[in-house]
Amino acid sequence: MLSKIFDSTTLGFMAAAIILFIIVLIKDASLAVSASKDGLTLFVRYAVLIISSMLIAAYIQALIPKDLITSYLGGASGFKGIFLGSLIGGLTPGSPYAALPFFAGIMRMGASVPATVAMVCAWGLWSIGRIPLEAAVMGAKFTMIQVISSFILPILAGLVAWFLETIPWFMT
């Protein structure tokens, strides 16, 4: 159980946090206390967000029939599943804390790795929830160019994932 919680990444981040805390503490004890309070506030905020998003993902999984996911996004769906995964990813709003548990849940329900790769890539490149902010900050012309130029990339990523799955020695 503990090895699932305290993997090398978690231990590395814990060690870095402790080392940085000691450095800040040596520099200024009040700054260390203030930074710790800020960090704990962020922790509570994101813990609630992560728990809520995982519950939403679980509820969505309960509402969507598994055979629907398998037929449209499963291993036999091929290019259709990759294309549909790209559309789903592009239409999924939210932060990584909300979107990734949703995508993981869909994959656990039977979506293929290539369709899920396409979902994650589309969400990262042209998520519908981010486009208005991107247009406001970066400008409409930039946003149009970014979306159009990257439109094919999630599909290509899904196709590459499909190819990689056919290599027997890859990731075994």
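Some values worked out for this structure:
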read-out	value
Most mobile of Ile152, Ile131, Ile18 in a GNM of the chain (Cα contacts under 10 Å)	Ile18
Of Gly78, Gly39, Ile128, farthest towards positive along the dipole that unit charges on Lys, Arg, Asp, Glu beta carbons give the chain	Ile128
Mean Cα-pair separation over length for the chain, i.e. relative contact order, pairs under 8 Å, 6 or more apart, %	20
Mean ellipticity per residue at 222 nm, deg cm²/dmol - from DSSP H runs of n ≥ 4 across the chain, formula -39500 (n - 2.57)	-26500 deg cm²/dmol
Candidates Ala32, Ala111, Ala122, ranked by Gaussian network fluctuation over the chain, Cα under 10 Å, top entry	Ala32
Full-stretch length increase - Leu49, Tyr72 - with 0.36 nm per residue and alpha-carbon distance subtracted	5.3 nm
Global form of region 102-161, assessed from the alpha-carbon gyration tensor, a/c cut-off 1.5	oblate
Extension gain from Phe13 to Ala35, taking 0.36 nm per residue of separation minus the Cα-Cα distance	6.3 nm
Extended-chain gain in nm, criterion 0.36 nm per residue less alpha-carbon gap, Phe170 and Ile131	10.5 nm
Per residue value of the accessible surface for region 1-134 (all protein chains in place, 1.4 Å probe), Å²	63
Column: log10 I(q)/I(0), Debye, Cα scatterers of region 1-138, q = 0.12, 0.17, 0.18 Å⁻¹	-0.67, -1.00, -1.04
Dipole magnitude (debye, nearest 20) for the chain, charges at Cβ of Lys, Arg, Asp, Glu	140
Mean Kyte hydropathy of -0.5 or more with a Cα span along the axis of at least 18 Å, helices from DSSP in the chain	8-27, 29-63, 78-91, 113-126, 153-166
Choice from Val120, Val33, Val44 with maximal GNM fluctuation in the chain (Cα, 10 Å cutoff)	Val33
Along principal axes, Cα extents of region 1-65, largest first, whole Å	56, 26, 13
Heavy-atom accessible surface of the chain: percent carbon and sulfur, 1.4 Å	78
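The values are calculated or read from the model by the stated rules, or taken from the named source; none is laboratory data. These numbers were taken from a predicted model, which means no experiment stands behind them. Counting neighbours? That spans all protein chains shown, and the Cβs are built from the backbone with ideal geometry, glycine included. Remember, those area values only see protein heavy atoms, side chains included, never the ligands or the DNA or RNA. Shrake-Rupley method; radii C 1.70, N 1.55, O 1.52, S 1.80 Å.
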